[in-house]
């Protein structure tokens, strides 16, 4: 009978001096967690990545809000041209402007007159244009919030202004940068609607509506949302109606041809004055 020989170098087990088999060696378990230092390094890397991504996310959100504001103005431009197509002239800046402390005139805004062309026919029907903007008979309709008249970057959101729907856009009555605005030089005049052919400077270079975010009388039914430009963009004091916005670097504007674009606050003041007039004869370059 053949008996296998065991190697002395690799015995199957070792014995103690007493002849008993020694217990097998137990290997320590492998490490599966993070050390504190490794955890801190991971947290630091995540913090750096968030710091790099957050400005990009904020910039993207600002760009989206600015784009929505431009879209609002384009819709207003379509409504303006729809009004012109029906009546053969643009809406006036307002009907029956009233001086302060005079409550006998209606003071109805251009933004109330174009409601049917903003797909707001039921609201337009509920308004009584024979009554003043602040008459009790128009109170319910005037309290309607219209998102097309609100810049998403504006401070007011959907809150009411003196119980009426807010408006962040104003009609251009002219300019006071180069000379007094008398007679008014703009395209949005009180009690005087204009035809497009009367905009002699060209519809693509004549501003008719622009942002005036946060001004105190900002209500879409109230014809105080008309102003003449007197300062650089975003530079007017709070009490002045002027082109201003919460967009960094400028504000959005609507031109008489229906186009809307971003107006930089670094624009040359004479160029800014020129685009606020309808028939000044100025030569307008790039802006």
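Only the coordinates and a few stated rules stand behind these numbers; no lab work does. Computed from a predicted structure; not experimentally measured.
Measuring nothing but how far apart in sequence close Cα pairs (under 8 Å, 6+ apart) lie, relative to its length, the stretch 161-287 scores a relative contact order of 32 percent. Note on the chain: with a GNM built from Cα contacts shorter than 10 Å, the maximum mean-square fluctuation among 219, 66, 121 falls on 121. Here the contact order of the chain, divided by its residue count and restricted to Cα pairs under 8 Å and six or more residues apart, works out to 18 percent.
Gaussian network model of the chain, Cα springs within a sub-10 Å range: biggest mean-square fluctuation belongs to which of 42, 226, 148? Largest GNM mean-square fluctuation: 42.
Note on the chain: with a GNM built from Cα contacts shorter than 10 Å, the maximum mean-square fluctuation among 52, 189, 39 falls on 39. The radius of gyration of the Cα set in the stretch 121-232, together with its Dmax, comes out at 15.3, 43 angstrom. Using the rule -39500 (n - 2.57) for each DSSP H run of four or more residues, divided by the residues of the chain, the 222 nm mean residue ellipticity is -8500 deg cm²/dmol. A straight line joining the Cα centroids of the stretch 233-287 and the stretch 142-195 runs 14 Å.
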